[in-house]
Amino acid sequence: MERIVLLGDEAVALAAIQAGLTAAYSYPGTPASEIMEFLVRNSEGGRKFTAKWCVNEKVACEEALGVSFAGKRAMVSFKHVGLNVAADPFINAAITGANGGLVVVVADDPGMHSSQDEQDSRYYADFARILCLEPANHQEAYNMTREAFDLSEKFRIPVMLRLVTRLAHSRSSVETSAAREQNKDLPYGTWQDWTLLPGNARRRFRILLDRQDELLEYSENTVYNQLVLNPAGGRLGVVVTGIAYNYFKEVAAGLPAEPSYLKISTYPFPVAKLRRLIEQVDEILVIEEGYPFVERFLRGVTGIPGKVIRGKMDGSLPASGELTPDLVARALGLPEKTGLKAGEFKLAARPPQLCVGCPHADTYKALNEALRDFPRPVVFSDIGCYTLGALPPYNAIQTCVCMGASVSMAKGGAEAGIHPSVAVIGDSTFAHSGITPLLDAVHSDTAMTVVILDNGTVAMTGTQPSFGTGEPLDRLVAGLGLDPNHLRVIVPLPKNHQENVKVIKEELSHQGLSVIIARRECIQIVGEKKRS
Amino acid sequence: MKYDIILAGVGGQGILSIAFVIDNAALEEGLFFKQAEVHGMSQRGGAVQSHLRLADGHIYSDLIPLGQADLILSVEPLETLRYFEYLKPDGAVVSSSTPYTNISDYPVLEEVFQQIKKAPVHVLIDSEKLAREAGSVRAQNMVMLGAASIFLPLREGSLRKYIQVLFEKRGPQIVQTNLRAFDLGRQAAKL
C-alpha cells in the first residue's frame, strides 16, 4: 500500500478515517491538536464523516459517546489534562460500554513542553478498567488505532490510545492499508445498558469486571507485546513500555549483547509474559515514558524476593521529565557521550513570548497601570498565550492552574478579602470552563473584576475556532444576569491606553461583579487573513 | 548510512519548512527518516529545535543522542550554540549569521561567532542578505537549507523538487524566490 509522511497525531487521524470513522470530536491542546486539524482538513470536500472542534473535552467525549450509542464509530482526542475535564463521561462510558467502536485518544506531555503537569493517562485507563494501547512508533500508531476500533466493538468498551509528545509530534513515513466502510447495521444501544440507574449500573459494572480476563488474554497474545529472551544477554532483563522501546533499541546496540526484554504496548499489561522474563533474570530495569506505572505494580509492597528492580523509583532513571536515549544509555551502564560544549559562554535563554503587536500586551499594560495604586491586588489568570503575562516585562499575573480556574479562584480570593481580585481569561477558555464560575459570581455579586481577553481564536495551539467571541460573547455574559452597567468592552490598542486604564479603574472600584471584555483580533489571525 | 541533523531557530523562522523538504526528499530517495518537532507554546518567539534523522535502515529513537549529530543547521546564530553538545566531534555546523534579537540579554554577536567557529567544520551565512537578494527576507530558511545541502546525503534535485511542492500553493513567484534563495545559499556555502 501507500507510504506517506505523517506526524504521529496524523497517523492516528488517518487510521481512524480508514477504520470507518463516522464522527470525531476534540478541544485544542498540545500535543493532541494535530489529530483534529488533520481530520478537519480531510473532512472537507464531500467526505462522509464529521470532524468538529468542541467547546470543551467533556462535551467532546459525550458527543462521541452519542455516536457510539447510535452504533457508529467515534473518536475523541485531547491532551492529558483534557481527560481530567472529560473524566466523568470517560469513566462512565466504561460502565455503559461502547456500541459502535469508541476510541479515546489521549496525548500525554512528559517533560511539560506545553502543559501544567505530566500526569500519566495509563492510570485513567486502569481506573476505568478498559484497554489502553500505547504505540511505540508511527506505524504502530496507525495500526493500533485501526485495531482499537475493532477491539472496542469486540469487547464492547471504550479503548484508550495513549500517545506522548515525542510520538505525537514526530514525523515519519507510514504504510497504510485498505479503508473500511462505516458501520451500517449496528442497532442503537439498549436503555438497560445506557441508563445508569443504580440497578443497571451495578449489572453493567459486573459485566465490565468480568471482562477483565478477556482483556488480559488479549494483552498476553497480541504481537505488540513482544518478549525476547536472550540467554547470552546476561542476568539483566528490561521492561520497556511505549516509546521507551525506541530508546532501548537505539542504545542497546552498544552493549556486548542485547539483554532479554519485554516490550509492553497494551494494558492491562501481559502478566504471564512479565513472569517469564522475571524468571530468566536477577535484575529488572523498567523503562517507561511517564510515571513508573508498571514499575510500581512490579515492586508492590515487598518487591520480588531475590530480584533487584530498577527504574524511576530507585533513581536509575529520573522520576520526572522526558526520557532521552542518553538517560536510557546511562541506566544500562553505557558510558556517557557528549559533543562540543559551548564552555563558559553564557547562553541567553529564549523563552516563548507574546507576539509583537499582541492585544494581550496592551491589556496587561493597561491593567498593570490601573492596579498600581492598590497595595495588594491579585490577578488570577488562566490557560492560553496570555499566561506568558507572568513573565517580564509584564509580570502581570499571579496564578495559572487549569481551564477556567481564574474566575473561580478570583471569587474565592475576593471572599477571603483580596481586593482588587481580578480574573484574566481568554475567550475560548471562558467558553470552555469560565461560564459556570461566572454564573456563580453573578449569583453572589462578588466584588471582583473578570477581564475576558477576546482575541477571537485559540491562539496558543494554532488558531482553532473559539466558541465565545464577539458580540455573542457580550450577550452571553449579559444573559448570565450581570448588571449591564458593569459589562464594559474595551479595545486594547496603544492609542486607547489612557481610556482603557480609566475603564479598568472604574470597575476595580466597584464593590460588586464587573466584566471587562478586551476585544481585538489575534495578530496571527490578522496575518493569516493577509496571506490568504 | 545514518545522518543525524539538529535543526534550530526561533519560533516563526520556518524550520519546519526546512524539515518538510528534507523529509520528503529522503522518502523519495528511499531513505528512512524520523523527525521530532516542537509545537505549541514554544512556537511563540521562543527557541525551537527539531531532531531529524536519516538512515538507510530502521530508525528507533526520535531523538538524537548527545554527541551524535552529523550536522547542526540553524537559522539563527545564538540558537546554533544551544545544541552544540549534540554535535559529533567531526560534525558540521551550518549557521546563519543574522541574529534574531527578541531578547534583552542577547550576547555580543562577535563572541557568538567565535564560539561557532570552534566547530571543526563550520559555515556562517548572511541569510538575511541572501534572502533579500532572492526576493524575500522570509526566505532565510531556504537560504540555510541551500547552504546545508552541500553536506546532506540527498540529491540537489530532490530538495529543489520539494521546495517547489512546499510553495506551489502560494504561486509561481514565491516558488521562484525560494528556489533562488536555496541556490544562493548553496553557492555561498561552496565558497
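Of the numbered conditions (1) small (Gly, Ala, Ser); (2) facing chain A (nearest Cβ under 7 Å); (3) farther than 16 Å from A:ARG166 by Cβ, B:SER61 fails exactly one; give the number of that condition. Against the list (1) small (Gly, Ala, Ser); (2) facing chain A (nearest Cβ under 7 Å); (3) farther than 16 Å from A:ARG166 by Cβ, B:SER61 comes up short only on (3). Set side by side, the residues A:LYS365, A:LYS312 differ, and just one is in contact (Cβ under 8 Å) with a residue 40 or more places away in the chain, more than 14 Å from every other protein chain (Cβ to nearest Cβ) and buried (at least 18 other Cβ atoms within 10 Å of the Cβ), which is A:LYS365.
The residues in segment A:1-48 that are in a helix (DSSP H, G or I) and under 20 Å from the mean Cα position of the chain (by Cα) can be counted, and the count is 17. Considering every residue within segment A:318-341, establish whether at least one is away from chain B (no Cβ under 14 Å), over 30 Å from A:VAL451 (Cβ atoms), not small (Gly, Ala, Ser) and not in a helix (DSSP H, G or I). The answer is yes; a qualifying residue exists. Test B:ASP56 against the stated conditions and say whether it is more than 7 Å from chain A (Cβ to nearest Cβ) and not β-branched (Val, Ile, Thr). Taking the combined requirement at face value, the residue satisfies it. Residues in segment B:65-81 that are facing chain A (nearest Cβ under 8 Å), buried (at least 24 other Cβ atoms within 10 Å of the Cβ) and in contact (Cβ under 8 Å) with a residue 60 or more places away in the chain: B:ALA69, B:GLU79.
One line per residue, one yes/no per condition, for (1) surrounded by fewer than 24 Cβ atoms within 10 Å (Cβ to Cβ); (2) in contact with a Ser or Thr (Cβ under 8 Å, 6 or more places away or on another chain); (3) not assigned by TED's automatic domain parsing to the domain that holds A:ARG204:
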{"position": "A:PHE38", "(1), (2), (3)": "yes, no, no"}
{"position": "A:PHE78", "(1), (2), (3)": "no, yes, no"}
{"position": "A:VAL81", "(1), (2), (3)": "yes, yes, no"}
{"position": "A:ASP88", "(1), (2), (3)": "yes, no, no"}
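Yes or no: segment B:42-52 includes at least one residue that is surrounded by 24 or more Cβ atoms within 10 Å (Cβ to Cβ), of a type in the set (A, V, I, L, M), modelled with pLDDT under 95 and within 20 Å of A:ARG350 (Cα to Cα). Yes: segment B:42-52 contains one or more residues that are surrounded by 24 or more Cβ atoms within 10 Å (Cβ to Cβ), of a type in the set (A, V, I, L, M), modelled with pLDDT under 95 and within 20 Å of A:ARG350 (Cα to Cα).
Per the listing A:LYS495, A:LYS505, the residue uniquely touching a helix residue (DSSP H, G or I) at 6+ places or on another chain (Cβ under 6 Å) and either within 24 Å of A:TRP53 (Cα to Cα) or not aromatic (Phe, Trp, Tyr) (or both) is A:LYS505.
Each row is one residue, and each column tells you yes or no for (1) under 23 Å from A:GLY527 (Cβ atoms); (2) surrounded by fewer than 17 Cβ atoms within 10 Å (Cβ to Cβ); (3) among the hydroxyl-bearing types (Ser, Thr, Tyr).
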position	(1), (2), (3)
A:VAL442	no, no, no
A:ALA459	yes, no, no
A:THR469	yes, no, yes
A:ASP483	no, yes, no
A:PRO492	yes, no, no
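Selection of segment A:239-265 for residues being aliphatic (A, V, I, L, M), more than 14 Å from chain B (Cβ to nearest Cβ) and either within 16 Å of A:GLU295 (Cβ to Cβ) or crowded, with 24+ Cβ neighbours inside 10 Å (or both) yields A:VAL239, A:LEU262, A:ILE264.
The values are calculated or read from the model by the stated rules, or taken from the named source; none is laboratory data. All figures in this text were calculated on a predicted structure; none of them were measured in a lab. All Cβ positions, even for glycine, are placed from backbone atoms using ideal geometry, and neighbour counts span all protein chains on display.
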